[in-house]
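Comments concern the structure below.
The values are calculated or read from the model by the stated rules, or taken from the named source; none is laboratory data. Just so we're clear, the structure is a prediction, and the values are computed from it rather than from any experiment. Cβ atoms come from the backbone with ideal geometry, glycine included; neighbour counts cover every protein chain shown.
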Amino acid sequence: MSNDPRRLEILLVPEHVEGHPDHDGASLIAAAIRSAVVTPTGETGASGYPRYTGEGMEADIDPATRTVEALLVDGAEIDYGLSARVVDPTR
């Protein structure tokens, strides 16, 4: 039996927002330029971590640390200056 979370939310935020010490989870959600609720596919990505997909995003996520190890948005890599953060789904 897997301990992988069944649903996660990926937030794309500008790096200047993500790195600011005064920003907590709620302000990251408010500052996100895009978000997607993703679910595990049952596959392992090239990074070796479980693959999650949903709402145009495909990501390899370390479930223990919630670190996004690989990410495609609408089939493309994200632009420089953006950061991907994982939170519990808000919807």
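Please go through (1) modelled with pLDDT of 95 or more; (2) closer than 19 Å to Asp88 by Cβ for Glu18 and return the number of the only condition it doesn't satisfy.
(1)
The rows are residues; the columns are (1) farther than 11 Å from Leu12 by Cβ; (2) surrounded by 18 or more Cβ atoms within 10 Å (Cβ to Cβ); (3) of a type outside the set (D, E, K, R).
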{"position": "Arg51", "(1), (2), (3)": "yes, yes, no"}
{"position": "Ala64", "(1), (2), (3)": "yes, no, yes"}
{"position": "Val87", "(1), (2), (3)": "yes, no, yes"}
{"position": "Arg91", "(1), (2), (3)": "yes, no, no"}
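Please go through the range 33-49 and pick out each residue that is of a type in the set (Val, Ile, Thr), part of a strand (DSSP E or B) and closer than 16 Å to Glu9 by Cα.
Val37, Val38, Thr39, Thr41
Looking only at the range 57-91, how many residues end up being free of Cβ contacts under 8 Å to residues at least 40 places away in the same chain and under 12 Å from the mean Cα position of the chain (by Cα)?
Total meeting the criteria: 8.
Has the range 70-89 got at least one residue that is part of a strand (DSSP E or B), acidic (Asp, Glu), out of contact with any helix residue (DSSP H, G or I) (no Cβ under 6 Å at 6 or more places or on another chain) and modelled with pLDDT of 95 or more?
no
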